[in-house]
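The values are calculated or read from the model by the stated rules, or taken from the named source; none is laboratory data. Since the structure is predicted, the reported quantities are computational estimates derived from the model, not experimental observations. FYI the Cβ positions are ideal-geometry reconstructions off the backbone, even for glycines, and counts take in every protein chain you see.
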Amino acid sequence: AFPKFKLNTGSSIPSIGLGTWKASEEDTYHAVLSALENGYRHIDTAAFYKNEPAVGKAINDSPVAREDIFVTTKLWCTQHKDPKGALKESLQRLGLSYVDMYLMHWPVMLKTDKITDGNYLVMPLNASGGRDTDVENWHFVKTWELMQDIPDSGLAKAIGVSNFSINNLKEILKPELGLVVPAANQIEIHPQLPQDELIDFCKTHGILVEAYSPLGSTSSPLLSALAVVEVAKKYNVEPAQVLINWGVSRGYCVLPKSVTPTRIVSNFRKVDLSAEDLQKISDVHKTLGGKRYLDADWGAFIPFV
Ligand code: A2P
């Protein structure tokens, strides 16, 4: 079975969570039910995914007790000025009285929702070629300040961040601010974007790392990368299982997304890869090419930072 990791709050978190980004309401409901039936105890959603009602309904309809499930949702970029109000809205949509983790989805506040392309947050170029048109004049440190009393409110057991770079983390960790150390930083990680430095930084500061897009997201070249296929063959498993287990072995939570029942089941299989095979997967970016962390350092786009 997959291990659990400890959070800096003292709670534990299952190392595998079901990702739900880009899953429709209908698909999400069935995926979450099927995941819970097959041993998953960690579900990851976000206000932005527009599927919180389906996630919550599946959790409430499942025979698995609420307290045995780790549920994460996220503050959308348009709501940084009132994170607690946004969390209450999320809980209403979920039909739950609390979540286990509430994450600031991105370290940037946006004025409108129009700059998302359904894939990444993409800032449109403005007349001067900049990318600041829809960024609100608001610092994520203030958002983090406003999130401080959420754990005491009981609405979320832990608070954390997502898509934070080392620079972003350093800002909220400044000792003179005296703010809570985030329980987690959820970021994109897969062999084309191994994020070694950011992972090390988080570990040093007691921030649990969670990997989204662990398979490289849709139409991922990783699933057919030579080294991944070779290692999969050696252990008689699927490429996806190699990628998921590579992540867990590196000591962080992995959030594979699938709405396909057979994949939901197969993604939940623990495989013990040898150190040598783990290294083979870590080296994949050398042949397949790396991937830039799109907008990894959002601070750069916030006018006054
Ligand atoms: P689907 O949801 O249709 O099953 P990531 O977790 O990196 O974001 O990747 C999600 C993508 O990978 C989705 O398109 C998902 O498709 C697909 N996927 C999930 N599990 C597997 C698997 N075991 N084998 C191949 N593709 C998978």
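Going by what's in this entry, would TYR102 be described as within 17 Å of THR143 (Cα to Cα) and touching a Leu at 6+ places or on another chain (Cβ under 9 Å)? The answer is yes for TYR102.
Within region 60-90, which residues are touching a strand residue (DSSP E or B) at 6+ places or on another chain (Cβ under 7 Å) and hydrophobic (A, V, I, L, M, F, W, C)? Those that are touching a strand residue (DSSP E or B) at 6+ places or on another chain (Cβ under 7 Å) and hydrophobic (A, V, I, L, M, F, W, C): ILE69, PHE70, VAL71, LEU75, CYS77, ALA86, LEU87.
From the list ALA58, ALA31, ALA23, the lone residue that is in contact (Cβ under 8 Å) with a residue 60 or more places away in the chain and in a helix (DSSP H, G or I) is ALA31. Scanning region 36-43 turns up no residue that is over 14 Å from LYS257 (Cα atoms), away from the ligand (no atom under 14 Å from the Cβ) and of a type in the set (S, T, N, Q).
Within region 261-273, no residue that is at pLDDT below 95 sits with its Cβ atom under 9 Å from a residue that is more than 9 Å from the ligand (Cβ to nearest atom) and assigned to a helix (DSSP H, G or I) at 6+ positions apart or across chains. Of the set (1) within 15 Å of the ligand (Cβ to nearest atom); (2) of a type in the set (A, V, I, L, M); (3) not in a helix (DSSP H, G or I), all apply to VAL248 but (3). For the structure I just gave you, tell me whether VAL242 is assigned to a helix (DSSP H, G or I), within 15 Å of the ligand (Cβ to nearest atom) and surrounded by fewer than 21 Cβ atoms within 10 Å (Cβ to Cβ). So VAL242 does not fit the description; no. In region 251-269, the qualifying residues are those that are hydroxyl-bearing (Ser, Thr, Tyr) and within 12 Å of the ligand (Cβ to nearest atom), and the one that is nearest to ASN51 (Cα to Cα) is SER258. Within region 141-170, the only residue that satisfies the criterion of being in contact with a Lys or Arg (Cβ under 9 Å, 6 or more places away or on another chain), part of a loop (DSSP other than H, G, I, E, B) and under 15 Å from LYS74 (Cβ atoms) is LEU155. When you look at THR287, is it at pLDDT below 95 and surrounded by fewer than 18 Cβ atoms within 10 Å (Cβ to Cβ), yes or no? Answer is yes for this residue. Answer yes or no as to whether GLU176 is under 18 Å from LYS84 (Cβ atoms), part of a helix (DSSP H, G or I) and free of Cβ contacts under 8 Å to residues at least 60 places away in the same chain. So GLU176 does not fit the description; no.
Conditions tested, residue by residue: (1) over 14 Å from the mean Cα position of the chain (by Cα); (2) among the polar types (S, T, N, Q).
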{"position": "THR143", "(1), (2)": "yes, yes"}
{"position": "ASP149", "(1), (2)": "yes, no"}
{"position": "LYS157", "(1), (2)": "yes, no"}
{"position": "PHE164", "(1), (2)": "no, no"}
{"position": "ASN167", "(1), (2)": "yes, yes"}
{"position": "PRO175", "(1), (2)": "yes, no"}
{"position": "ALA183", "(1), (2)": "no, no"}
{"position": "GLN192", "(1), (2)": "yes, yes"}
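Restricted to region 201-236, and to residues that are in contact with a helix residue (DSSP H, G or I) (Cβ under 8 Å, 6 or more places away or on another chain) and part of a loop (DSSP other than H, G, I, E, B), which residue is farthest from PHE268 (Cα to Cα)? Top of the filtered list is HIS205. If only residues of region 199-221 that are away from the ligand (no atom under 15 Å from the Cβ) and free of Cβ contacts under 8 Å to residues at least 12 places away in the same chain are counted, the one that is surrounded by the fewest Cβ atoms within 10 Å (Cβ to Cβ) is THR204.
A quick yes/no check of all residues on (1) at negative phi; (2) among the hydroxyl-bearing types (Ser, Thr, Tyr); (3) surrounded by 17 or more Cβ atoms within 10 Å (Cβ to Cβ):
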| site | (1), (2), (3) |
| --- | --- |
| THR20 | yes, yes, yes |
| ALA23 | yes, no, yes |
| THR45 | yes, yes, yes |
| GLY56 | yes, no, yes |
| SER62 | yes, yes, yes |
| ARG66 | yes, no, no |
